[in-house]
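First up is the structure itself, then whatever we jot down about it.
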Amino acid sequence: MRTLHPSFRRLFLPALTVILLFSSTSNAVFFKKMTSAMPNYPLFLMQVSVIAYIPLCAAVVAALAMWTNAISEESTEFPKRRFFVISALETVARFFSTTGGTHTRGTTQTLLGQMQIPMTMGLSVVFLSTRYSRLHGLAAVFILCGVAVVLIPTIMGQSPNSVASATSDVLEYNVLYFVGSLPLALSNVYMEHAFSSQKPNVFYSLFFMASFSLLLGFLSVPLTALTPQPVPLPALISTFTNGSRCLAGVNSVVESCIPPQNPAILIPALSAIDSMPTPSSVAA
């Protein structure tokens, strides 16, 4: 098997870092555009982003299995229950972040999303016996202070009669978005443990995690009772029907949908990477 020339290998990691930074920033923007365009259908958006992942990963896995040896025995023998646990944690995280993101400003989302860092650090200490330096601890404190600076004015100034909009911060939705960081941090820690001894193929892993997430997403309907936008079980079909119409630009409720000629119709697919474990999270 051919290897990269040393000069290219030195540039490979920095190039990937730049690409990851660009894609992460783009996904944050697309995620907010997605939830702002369709604030009435967070459950639908959560599922569409996963559905966009499954055929892509399935095609890649099929190609790798047919023409390469990338799908090794180590990948196929990896315990599927570990994929299920990761998917369950990711589904809960996506549920709260998508629901909360509908009425949480993009700048607030960026800062609240950083809470994954101190949460992951704390959970790593507890479950993985990880040790961090004082500088790491100081950085985590700065993140906590930043989140407090953003949330305290919202808490103090929140009016009970305030009108929710996609461009404003609404406390209940801010809290939901914040809560989504905890299961995501748990997922990060569990993946560190799950992939420490076995390293399945990235796309093979993402295919199973996306498949489990799609199923678990439908089972997460009872969680909507904890949100300002509960979805009764009998209304599940209409939620997805109206969500599909809204994605096509057909408005069925008070708030407008994106027009069908707008390229924003692709936002759910583009934001999928922000809702699922990225390849950098899974050892190749």
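Data for the structure
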quantity	calculated
Which listed residue is over 30 Å from Asn242 (Cβ atoms), in a helix (DSSP H, G or I) and either at pLDDT below 85 or hydrophobic (A, V, I, L, M, F, W, C) (or both), from Phe31, Phe22, Phe44	Phe22
Tally of residues being open to solvent by 40 Å² or more (accessible area, probe 1.4 Å) and touching a Cys at 6+ places or on another chain (Cβ under 8 Å) across segment 34-65	1
Residue within segment 86-101 that is modelled with pLDDT of 85 or more, crowded, with 21+ Cβ neighbours inside 10 Å, among the aromatic types (Phe, Trp, Tyr) and part of a helix (DSSP H, G or I) present	yes
Selection within segment 152-175 - at pLDDT 75 or above, within 21 Å of Ser97 (Cβ to Cβ) and assigned to a helix (DSSP H, G or I)	Leu171, Glu172, Tyr173, Asn174, Val175
Of the criteria (1) surrounded by fewer than 24 Cβ atoms within 10 Å (Cβ to Cβ); (2) hydrophobic (A, V, I, L, M, F, W, C); (3) modelled with pLDDT of 90 or more; (4) in contact with a Ser or Thr (Cβ under 7 Å, 6 or more places away or on another chain), which one Phe78 fails	(4)
Check on Ala65, part of a helix (DSSP H, G or I), within 22 Å of Phe208 (Cβ to Cβ) and free of Cβ contacts under 8 Å to residues at least 24 places away in the same chain	yes
Filtered residues of segment 19-33 (kept if of a type in the set (S, T, N, Q), in contact with a helix residue (DSSP H, G or I) (Cβ under 7 Å, 6 or more places away or on another chain) and surrounded by fewer than 14 Cβ atoms within 10 Å (Cβ to Cβ))	none
Filter pass, Leu16 being more than 30 Å from Pro230 (Cβ to Cβ), open to solvent by 70 Å² or more (accessible area, probe 1.4 Å), assigned to a loop (DSSP other than H, G, I, E, B) and at pLDDT below 85	no
Residues of segment 227-240 that turn out to be free of Cβ contacts under 8 Å to residues at least 12 places away in the same chain and exposed (fewer than 13 other Cβ atoms within 10 Å of the Cβ), as a count	5
Unmet requirement for Ser72, which otherwise passes all of (1) open to solvent by 10 Å² or more (accessible area, probe 1.4 Å); (2) hydroxyl-bearing (Ser, Thr, Tyr); (3) touching a residue at least 60 places away in the same chain (Cβ under 8 Å); (4) under 23 Å from Ala140 (Cβ atoms)	(4)
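The values are calculated or read from the model by the stated rules, or taken from the named source; none is laboratory data. Every value quoted in this text rests on a predicted model; they were computed, and no experiment measured them. A quick note on method: Cβ atoms are made from the backbone with ideal geometry, for glycine too, and the neighbour counts reach across all protein chains shown. The accessibility values were calculated without ligands, DNA or RNA, using every heavy atom of the protein model including side chains. Shrake-Rupley method; radii C 1.70, N 1.55, O 1.52, S 1.80 Å.
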